[in-house]
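Below is one structure, written out as C-alpha cells; the observations come after it.
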Amino acid sequence: MKRSIFIIILTLFLLIPVDTFAKENNQVRLYLFHGEGCQHCTDEKEFIEKLEKKYNNLKVFSYEVWGNTEFNAKMKEIKSLFSVNSPGVPFTVIGDKYFLGFNESIGRQIEQAIIRFSNTAYIDDTGVTLGIITDCEQGQDLITSNELKQELDNNKTANNYKIINNIVIVPGLSILIIGTVTIALTGLIIYLIKRKRK
C-alpha cells in the first residue's frame, strides 16, 4: 500500500510542468526612456542597475529622449501604443505594462513586472516597434498582438479566450486535460500494482 501511494505521488510530481520550478527563464526586456538631467530618471537608472545585478535575465534598453529627436519620436510612438498623452519621463515599458515617473512604489511595481514576465510568456510590441525584435521572433507569424486582439474582439465569443503569445487559450481546458491525464495515469498505476500482486 505504501509503495502504491509513493508511486502515485511520484507520478503526480512528474506531471507538474518543469517551468513551474524554473525562475527567470524568460528574457525580460525593459525599455527606459529618460532625459539627461532629470533627477527621477537618474534615480530610476540607479534602481534598474541594481535590478540588472539581481535578475540575470533582465535586458535593459535605455533611450535618452531630450537630446535625441529620433528617440523622442520613438518614445511618442510607444506612448501612443499605450494611449499615454503625457510627455513626461522617465517612461518605462515591460511587456504590456508601462510606468510613468519614478518613486519607491513604481520601483516595486517594476520589479513585480520583471518577476511576472520572467515566468510567463508575453507580447513585446515595444520591442517590435523599436526594431529590437521582429514579430516572427516573438512567435507572432507577422500578425501584431493588436491585430489579433481586434480580430478576437470582433468575435462575440472573444471574452471566453485568453491570449498568451498570440495562442488562444480556452479557460479551463488545460485544467481539464491535466486532470484527465492525472486520473488516467493514476488509474493505470493502481491497475498495474493490483495486477502485479495477483
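Taking 0.36 nm per residue of sequence separation and subtracting the Cα-Cα distance, how much length would be gained by fully extending the chain between residue 132 and residue 66, in nm to one decimal?
21.7 nm
Find out how many positive minus negative residues lie around residue 86, taking Lys and Arg as positive, Asp and Glu as negative, among other residues whose Cβ is under 14 Å from that of residue 86.
Net of charged neighbours comes to +2.
How would 197, 116, 29 line up by accessible area, probe 1.4 Å, largest first?
These residues rank, largest area first, as 197, 116, 29.
What FRET efficiency would be calculated for the residue pair residue 56, residue 197, taking the C-beta separation as r and a Förster radius of 30 Å, to the nearest 0.05?
Taking R0 as 30 Å, the efficiency between residue 56 and residue 197 is 0.05.
How much of residue 80 can a 1.4 Å solvent probe reach, expressed as accessible area in Å² and rounded to 10?
Estimated to the nearest 10 Å², residue 80 gives 80 Å².
Ordering 78, 133, 115 by accessible area with a probe of 1.4 Å, largest first, what comes out?
Numbers: 78 0, 133 20, 115 75 Å².
My answer, sorted largest first, is 115, 133, 78.
Sorted by accessible area (1.4 Å probe), largest first, how do 40, 34 line up?
Largest accessible area first, the residues go 40, 34.
Can you give the local net charge around residue 68? Use residues other than it whose beta-carbon is closer than 10 angstrom to its beta-carbon, Lys and Arg +1, Asp and Glu -1.
Values: positive: 74; negative: 36, 64, 70.
Once all neighbours under 10 Å are counted, the net charge is -2.
Full extension from residue 188 to residue 96: what is 0.36 nm times the residue separation minus their Cα-Cα distance, to one decimal in nm? Walk me through the numbers before you get to the answer.
Details: separation 92, 0.36 × 92 = 33.12 nm, distance 4.33 nm.
This chain segment gains 28.8 nm when fully extended.
The values are calculated or read from the model by the stated rules, or taken from the named source; none is laboratory data. Please read these numbers as outputs of a predicted model, since none were measured by experiment. Positions of Cβ are generated from backbone atoms using ideal geometry, with glycine treated the same way; all protein chains shown enter the neighbour counts. Surface accessibility is based on the protein's heavy atoms, side chains included, excluding ligands, DNA and RNA. Shrake-Rupley method; radii C 1.70, N 1.55, O 1.52, S 1.80 Å.
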